[in-house]
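Structure record follows, encoded as C-alpha cells.
Values in this text are rule-based calculations from the coordinates and carry no lab data. Computed from a prediction, not measured in an experiment: that's the story for all the values here. Neighbour counts are summed over all protein chains in view; Cβ atoms, including those assigned to glycine, are modelled from backbone coordinates with ideal geometry.
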Amino acid sequence: MGIKTLIWLLPLPPLLAFFIIVLFTNRKKALSHTISVGAAFLSWLGSMVVFFFAVQKGAHQLGEHPFASSINWLPLADKWLKIGVMVDPLTAVGLFFVAWTVFMIFIYSIGYQNYGQPKGDHDQKGLPPHGATVIDEQGHKHKVPSIEPMYSRFFAFIGLFAFGMYTLIISDNMLTLFVGWEIMGLCSYLLIGFWYAKPSARAAMIKAFITTRVGDVFMLLGIGALYAFTKTLNFREIFFNEELLHKMATTPSGFFGLSVAGLIGILLFIGTVGKSAQFPLHVWLPDAMEGPTPVSAMIHAATMVSAGVYMVIRMFPLLSAGAQHGELTSPMMAMAFIGAFTALFAASIALAQNDIKRVLAFSTISQLGYMIAALGIGAYVAAIFHLLTHAFFKALLFLGSGSVIHGMEHGIYHVDEDIDPQNMFNMGGLRKKMPITFWTFLAGGLALSGFPIITAGFWSKDEILADAFSNGHWMVFGTLAFAALLTAFYTMRQITLTFLGKPKTRAAGHAQETHWTMTLPLVVLAIFAIGFGWVGIPEQFPLIGGLIPNWLHDFVITTLPHHLGEVGFNWAPLLTSLVVALGGLFLGWYVYKDVPAGAEDPLKKPMGFVYKVLQNKYYFDELYDIIFIKPAIWFSETVSYLWMDRKIIDGILHFIARIAFQLGTIFRDWFDVPVVNGFGDFVGESTKKIGKSLRVVQTGRVQQYMLIALVITVATLFYYLFSVFTP
Amino acid sequence: MTTELILFFSLALIAIITGLGLLISKNAIYAALYLVLNFFTIAIFYLLLGGAFIAMAQVSVYAGAIMVLFLFVIMILGAEKLGKSNTVAWQRPVAIILSIILLIEAGYVLFWRTAPVQAAQTLPDGFGGPASIGNVLLNNYLLPFEITSVLLLVAMIGAIVLTHKQKTDKEV
Amino acid sequence: MTTTDLLSVFPLLILILWACLVLLLDVFLKRERLTTILTAIGLVVTLGFSISQNNLNLTGFNNMVVVDNFAVYLNIIFLGSGLLAISLAHDYLKRMGINRGEFYVLLMFSISGMMLMAIAADLIVFFLALELLSIPLYVLAAFARPRVESEEAGMKYFLLGAFSGGFVVYGIALVFGATATTNLSGIAARIAEHQADIPLLTIGAALILVGFSFKVAVVPFQMWTPDVYHGAPSAVTAFMAIGAKAAGFAALMRIFVAALPTLSEQITPIIWVLAALTMIVGNIVAVAQSNIKRMLAYSSIAHAGYILMALVSYGQSSVASVSVSAALFYLLSYAVTNFGAWAVVIAVEKAEGKGLALDDYAGIGRKYPALAAAMAIFMLSFTGVPPTLGFVGKFYLFRAVIDGGYIGLAVIGVLTSLISAFYYLRVVVIMYMRDGEPEVRSEPWLNLTTAFTAIATIVLSIFSAPILQWASQAILSTF
C-alpha cells in the first residue's frame, strides 16, 4: 500500500465505526467502545506512519512535493472539480496533534462515561447519569457513579467527529475542508446537546449551531468568491501561482475598497471567527461546556476550534497576498485586531468565573485569539507552534477538569451532599486525593501560563511576543502581554482553588482518583504539554538556543512558497514574558492561597462593579438577546408567521395545492378510475364471472388506449406533413 | 405492358374488396376465407414483381398453413358468428375518421417526394429465386435469420407456459 | 461468417445457448433451486464476456451489429438487472406459488433480446430484438395466472406491444422506402449523399419513435404501464421497468443519435413535447395514487420523461455525447434505486395482492428500522436528494439539457421533480410518522438485494466519478 492510499484511508476507520455502532452494535456497550477506540487507534497509527514518512522525506522535499493524490469528482462543463488529499509539512504536524489528542480523548471517554459501573437507579436517556445504589458485601448501601445510558451513541458521535477532523486536515482543497468543517459543526451540535433532556443543553446546542452558522455562511461566500475568481479550490494551485495571487491582490473587488484577495480573506476569516469563537461570535463556546467533558476537550479545545485557526493558517498565502515590507493586508489587520482583542477580553472574563470548565472555555477563546493575532502580524510559524502546544495542554486541562469533576462526584455520592461538582469554590485540597490529576493538571496549567523554559506553552507564547515586538506591532505586543499576565493569574487561581489548601467541602474531602483509562491520557498529554516545546526553541535563545535545532520552524516554513526568516532574538519580549508569567502565577497563588470554605471570591469586593461585569461576561449574552434574538423573534412571529406565512404564502400554497389536487383527481378520473377501479370493482364483486374469459380486456379499454395513441400519432404526422415540410 | 396494367388493377380491386369483406363480414369463417383470397392476390402481385419464391411462400405459409390453423381455431371454439359488438359507441366513427386521415397522409407522403424517383432497373438473373434468397438469407441476413429462430422458440415456450395445466396448484 | 462476427455476438450466443440448456435441464432436474443457480451462473458468465468486450469496438454481420462501449455499458446494466431480478424472484415466486423453471428461461431470453437491442445497428435487428425481449415479458407478466390481474396484465401488455410493434415495422418500412436500406450506416450514408427522401424518412423516424415510446412508457403512449405494472408479479415488474426501458432507450439513442442526427430539426420538437408531457403527467398522476405498485408505475413513467430529456439535444454534436452519457448514468441510477424500491415492495407484499396499499407501510419505521431506512433512501434517490444516485443522475441530466440550450425543459424537469417529492416523501412520512402493524417478509436474498442497492445508492453517489467516466466513455460509434 502506497503512502498516498494510506492518506486516503486515514479518515475512514472512525466513519466506519460510526456506521457500525449506529446500525448494528448500539445495544452492546463494550463492543461499541472497542470498535470506536479501535478505529481511533487505526487512524492514529496511520497518521503516525504518514507523519514518520513526511519527516523522513525532509522539509524541503516535502514542501515542494507533498504527498498528494486527487481524483476527479464532479465534471463541471469542460473540467473536473477535483478533490484530493495532501500531506505537506503543515498537514503533517496537524495530523500529529490531531491523532494524539483524538486517540487520547477516545480512551478517556471510556472512563469518563463510567464504563464498568452499574446501571443507574433512575437514569434515563438524555440526562447525565445520576448514580446507582449498590450493596457491598457487608450489606452497606453505597451510592456510586452509574454508566451513561446512551454510551454507544456517544462513541458513535465522536467517531463521526473524528472523521470530520481528519477529512479537514488532509484535504488539499477548500471544498472537502469545508465538508469536514460542517461535519464537525454537526457533531458539535449533537454532542453539546448530548444530554438533550436538559433544557440548558438544548439551548446551548442551538446557540452553538446558529452562531457558528453565521460564520459559515460568510465562509461559504468566501469559498464561492474564491472559486469564481480562480476557477479552482486546490490550495497549492492558488498559493503557488504567484501571478494569480498578485492579480487577486491588485484587482479591486468593489466592496469597501478591498482587493479580491482581501475580500475573500475577510470572508474566510469570518468563518474562523465563528468556528474558533472569536469576538463577537464567541458567545457559544462557554455554553458549549454543557456537553460531556471529553467533548469539551476534543471539540471545543483541541480540534474543532483549532480547525478554525488551521484554516486561516492554511490560507495564509492568500490572506497575506500583497503584503510588502511588514505592511499588513486588510484581512491581517482584522485578524491582528480581533485576535488581540479577544485574547485580552476573554482572559479578563476568565478571572471571574467559578465553574472549572468555564474558566477553561474562556481561556480557550483567549488562546485562540493569541494564534489569530499572531497570524495577523505575520508570525506564521509562531501561530502554528502555539496551535500545536495549545491543543495538547488545553486538551490536558479539560480532561483534567473532567477528572476533577468525576472525583468530586465520587465524593458527593459518598457523603450525599448536594453541591455543584464543577464549582471551584467547593473544591480545594484535591492534590492529595487525586495526585495524578493534580500533577498533570499542574503541567497543563503551567504550560498555559507560559512557565519559563520547561513548558511548551512558554516557547510558543514567547515566540508570538518576540515576533510582535521585533516587527514593531506595539499595540498587539502590549495587549498580548497583558493577556498573558491575566492568563497566568486565572490559571493559578484555578489550580490554587482546586488542588491546594484544604478541602472546602466534605465532598472534596472524599474525592477519589479516577480510573486508569482517564489518568493514562492525562499522563500522555502532560508529556506533550511539557516536552513539545523543545521542537521549537529559537536558535538564538541564550544558553540553550541551538542545542536542539529549531526543527518546527524549518519544517513548517516550507509549506509556504516564500520562506519567512526566523526573528532575531531580543531580551525585551523574553523578559516581558518571564515577568508576566511568573508574576501572574505568583499573584494568583497569593490571592487565593487560603480562601476559606464558603467564602466569596476575594477579588469580588475590591473590584466591585467590574467584577460583576466580568462575571456576566460583559453582558454580551444579554446584549445579543436584545439586539438580535428579541427582534428576530418578533419578526418571525409577527412579520414572517402572521403576514408572510399565514396570509401570503399559505394563500399561494393552498391555491397551488388545490390546483394540483384537482389536476391529480382529473387525471385519475380519466385514466385510473375507468380502467383500474372499474376493473377492480369487477374483481371484487364477480371475480369468477370475469375470470372465466378475458372479457375484461375486451371491454374497450385497450382499444381506448390504442385509439388515443393513434390519434396522437396521426396528429404528429399531420404536424410534419402540413407544417414542417410545407415549402 | 398493358396486360400487366390490366392484371394489376383488377387484382388490386380484388385485394381491396376482399380486405373490406374481411372487415365487414359478420361470420368468422367468411372473414377467414376472404383473407385467404386476399393472400392469393398478394401472392400474384409478388409474381408480377418477379418474386417467385416469395409468392410460393405466401401461398403455402399464409394462405395454406396459417389460415388452416385459423379455421381450425374458429371451428373448435365454435365462434363462427360474431356476437353483438360491445364496443364503445363512438369508437366506430372515430376509427373511420382516423383511417381516412391516415389515408390522406399516406397519399401525401407518397406523392410529395423530395428525392428523385429512380428509373426501374433490370433485375439480375435469378433474382427472387430460391437460390438467391437462400444466399442472401444465409449470408447477409444470417443474424436476423437465426434470431428469428430463437424468437419462434421463445414464442413456443411462452405459449406452452401460458396454456399448460397448472401443476403448482396440486403441489401447493 | 468470420471470427469477428462470432466475437461480436459471443456473449449473446452464450446466453441464448445457456437458456436453451437450462430449459432442457429444468425438465429433467425438476429442482427449481438448481435452475436459479444455473441461471445466475449463466448471467455471470455472460457478464464476464460482455465486460471483456469493452474497448473492442467490433462490427459484425455486415454492419448489422456494433459492439461499442455504449453497448457494453448497457449490456452490463441488463445483465446486472437480470441478476437482481433473480434475487428478487427467488423467494417471491415460491411465496406466490408460481415457482416454475420457465421463469428463469424466459428471463434469460428477454435479456438476450435486450442485449441484441444494445448492439443492433440494423433496423431489422432492432425489430427482432424488440420482439425477442418483449415476448418473454408478455408471458412473464401473465406468469401469476390464474390470478386475473396477472392475466390481464399479460394480455394488455401483449396487445399494446403488438400494436406498438406495428408502428415500428411501419416506420422501418418507410425508412427503407426513403433510403433503400435498413442498415443504420447505410441510412446515414444515404442522407449524407442527399439520396434520401427526407419527408418520408422523417415520418418513418417519427413512427419508430412512437413505437419505442410505447416500450419506454412515454406519455401519451404510457396508458398500459400502470395496469401492467400493477398486475404483473412484482419481481417481473421490477425487471420490466428497468430492462425494457433501458433497451427502448438504447434503440432510440442508437437510431437517432448515431444515424439520424440530421433530422434533429424535425424530431426535436416532438421529443421536447413528449418529454415535457411525460414528466408532467407522470408526476402529477402519481400524486393521486394510493397503491404502491401503481405509484411506482407512474414514477417510472416520469423517469422515462427525464431520460427522454437527454435526447432532446441529440442533434448538436457537441452536446450529444454528454447527453448520451448523462442518460446512461441516469439509467444506471434509476436501475439501482428502482430494484431497491421493488425489493421493499416485495418484502411488504402478501399473497392475493394484499399489502400493496400505501397505508400498509404505516409503522414500518418503528418495527423494521433497517427496511424503512432503505426505503427512505430509495425514495430520496427517486426525488433526487443528495447524497443519493438519483441526485447525481438528475444533476448531469439537467446539465446536459441546459448545455443543449433547452432551459424551458430543464425548468419543467425541476418543477416536476418538486412535485415528485410530494409522493415519494409521503411514503417516508407514512413509514415513520403513522402507527400501524406492518408485517414484513424477511428472506435472505431479498434482504441482501435491499441492503446492496441501498448501500450502492449512497456509496455510488459519493464516488460517482468513475462510473461517470465509464458512462462518458460509452460513446456511440457514429456512422
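Could you work out how far the C-alpha centroid of the range A:194-252 sits from that of the range B:117-159, in angstrom?
69 Å
Cα centroid distance between the range C:358-414 and the range A:427-467, in Å?
About 55 Å separates the Cα centre of the range C:358-414 from the one of the range A:427-467.
Please turn the phi angles of the range C:243-248 into ³J(HN,Hα) values with the Karplus equation 6.51 cos²θ - 1.76 cosθ + 1.60 (θ = phi - 60°), one per residue in order, whole Hz, x for glycine and proline.
Values per residue, Gly and Pro as x: x, 5, 5, 4, 5, x Hz.
Consider all pairwise Cα distances in the range C:367-438 and report the whole-number % of them above 16 Å.
Of all Cα-Cα pairs in the range C:367-438, 54 percent lie more than 16 Å apart.
From the C-alpha gyration tensor of the range C:93-208, pull out the three semi-axes of the equivalent ellipsoid (sqrt of 5λ each), sorted largest to smallest, in whole Å.
Semi-axis lengths for the range C:93-208 are 37, 15, 7 Å.
When DSSP beta bridges are limited to those with both residues in chain A, what percentage is antiparallel, rounded to the nearest 5?
Beta bridges within chain A, antiparallel portion: roughly 95 percent.
What is the dipole size for the range A:11-135, taken about its Cα centre, with +1 at each Lys and Arg Cβ and -1 at each Asp and Glu Cβ, in debye to the nearest 20?
340 debye
If you wrap a convex hull around the alpha carbons of the range B:1-81, what volume per residue comes out, as a whole number of Å³?
Enclosed volume per residue, from the Cα hull, is 60 Å³.
Name the residues whose placed amide hydrogens come within less than 5 Å of the amide hydrogen of A:LYS82, ignoring near sequence neighbours (fewer than 5 apart) on the same chain.
A:TRP73
Check A:THR455: other-chain or 5+ apart residues with amide H under 5 Å from its amide H, H built from backbone geometry?
Correct list: empty.
Taking neighbour Cβ counts within 10 Å as the exposure measure, how do A:ILE313, B:ILE76 sort from fewest upward? Spell out each step's value before the answer.
Numbers: A:ILE313 24, B:ILE76 8.
In increasing order of surrounding Cβ atoms, one gets B:ILE76, A:ILE313.
Return one quarter of the surface area of the convex hull spanned by the alpha-carbon atoms of the range A:319-372, equal to its mean projected area, in nm².
Average of the hull's projected areas for the range A:319-372 equals 3.7 nm².
Please compute the net charge surrounding A:ILE299, taking Lys and Arg as +1 and Asp and Glu as -1 over other residues with Cβ under 15 Å from its Cβ.
My count for the surroundings of A:ILE299 gives +1.
Given that compact globular proteins tend to follow 2.2 N^0.38 Å, what is the ratio of the alpha-carbon Rg of the protein assembly as shown to that value?
This ratio for the protein assembly as shown stands at 1.14.
Could you work out the mean projected area of the convex hull around the alpha carbons of the range A:1-77, in square nanometres to one decimal?
Value for the range A:1-77: 7.4 nm².
Please report, in debye to the nearest 20, how large the charge dipole of the range A:328-599 is about its Cα centre when each Lys and Arg carries +1 at its beta carbon and each Asp and Glu carries -1 there.
520 debye
Could you give me D for the range A:45-150, from Stokes-Einstein at 10 °C and 1.306 mPa s, where the hydrodynamic radius is the Kirkwood radius over C-alpha pairs? Units µm² s⁻¹, please.
Values: Rh = 18.3 Å.
Stokes-Einstein gives a translational diffusion coefficient of 87 µm²/s.
Give, as a single signed number, the net charge of other residues whose beta carbon lies under 10 Å from the beta carbon of A:ALA204, with Lys and Arg counted +1 and Asp and Glu -1. It would help to have the intermediate numbers written out before the result.
Values: positive: A:LYS198, A:ARG202, A:LYS207; negative: A:ASP287, A:GLU290.
Overall, the nearby charge balance is +1.
Please state, rounded to one decimal and in Å, the Kirkwood hydrodynamic radius that chain A gives when every pair of distinct Cα atoms enters the mean of 1/r.
Evaluated on chain A, it is 28.3 Å.
What span do the alpha-carbon atoms of chain C cover on each of the three principal axes, reported in whole Å from largest to smallest?
That works out to 69, 57, 41 Å along the principal axes.
Given R₀ = 60 Å, what would the calculated FRET efficiency be for C:VAL45 paired with B:PHE111, taking r from the Cβ atoms and rounding to 0.05?
Numbers: r = 55 Å, r/R0 = 0.91.
After rounding to 0.05, the efficiency reads 0.65.
Counting only Cα atoms, I'd like the Rg/Rh figure for the range A:525-620, Kirkwood definition for Rh.
Values: Rg = 20.6 Å, Rh = 17.8 Å.
With Rg and the Kirkwood Rh in hand, the quotient comes to 1.16.
Can you tell me the Rg and the Dmax, both Å, for the Cα atoms in the range A:328-599?
Every Cα atom of the range A:328-599 included, Rg and Dmax give 19.0, 63 Å.
Rank these for me by crowding, C:LYS215, C:LYS367, A:LYS432, A:LYS207, going from fewest to most other beta carbons within 10 Å.
By the 10 Å Cβ count, ascending: A:LYS432, C:LYS367, A:LYS207, C:LYS215.
What order do you get for C:LEU6, B:LEU102, C:LEU106 when you list them from fewest to most C-beta neighbours inside 10 Å? Don't skip to the answer; put the middle values down first.
Details: C:LEU6 12, B:LEU102 15, C:LEU106 25.
So the ranking, lowest neighbour count to highest, is C:LEU6, B:LEU102, C:LEU106.
Give me the percent of Cα-Cα pairs in the range A:349-468 that sit more than 20 Å apart, rounded to a whole number.
Percentage above 20 Å: 47.
Give me the tail of P(r) for the range C:390-473 as a percent: Cα-Cα pairs with distance above 17 Å.
More than 17 Å apart: 67 percent of the Cα pairs in the range C:390-473.
So if I take the centroid of the Cα atoms in the range A:591-628 and the same for the range C:267-287, what is the distance between those two points in Å?
69 Å
Kindly express, to the nearest 10 degrees and within the range 0 to 90, the angle between helix A:678-692's C-alpha long axis and the longest C-alpha principal axis of chain A.
Orientation of helix A:678-692: about 60 degrees from the principal axis.
Mind listing the Cα extents of the range C:335-479 along all three principal axes, in Å, largest one first?
55, 32, 28
Mind computing the radius of gyration and Dmax over the alpha-carbon atoms of the range A:182-285? Å is fine for both.
Looking at the range A:182-285, its Cα Rg and Dmax stand at 17.0, 55 Å.
Taking 35 Å as R0, compute the FRET efficiency from the Cβ-Cβ separation of B:ARG92 and B:LEU11 and round it to 0.05.
0.75
What residues qualify as long-range amide H neighbours of C:THR59, i.e. H under 5 Å apart, gap of 5 or more or another chain, H built at 1.01 Å from N?
Counting only residues 5 or more places away or on other chains, the set is C:VAL67.
For the range A:44-49, take each phi angle, set θ = phi - 60°, evaluate the Karplus expression 6.51 cos²θ - 1.76 cosθ + 1.60, and give the result in whole Hz per residue in order, putting x for glycine and proline.
4, 4, x, 4, 5, 4
Determine the sum of side-chain charges near A:LYS630: Lys and Arg each +1, Asp and Glu each -1, restricted to other residues whose C-beta is under 14 angstrom from that of A:LYS630.
-4
Could you list, bin by bin from short to long, the percent of Cα-Cα pairs of the range C:162-233 in 10 Å steps?
Taking every Cα pair in the range C:162-233, the percentages come to 21, 40, 23, 12, 4.
How far, in nm, would the chain grow between C:SER318 and C:LEU448 when pulled straight, counting 0.36 nm per residue and subtracting the alpha carbon separation?
Working it through step by step, the gained length comes to 42.6 nm.
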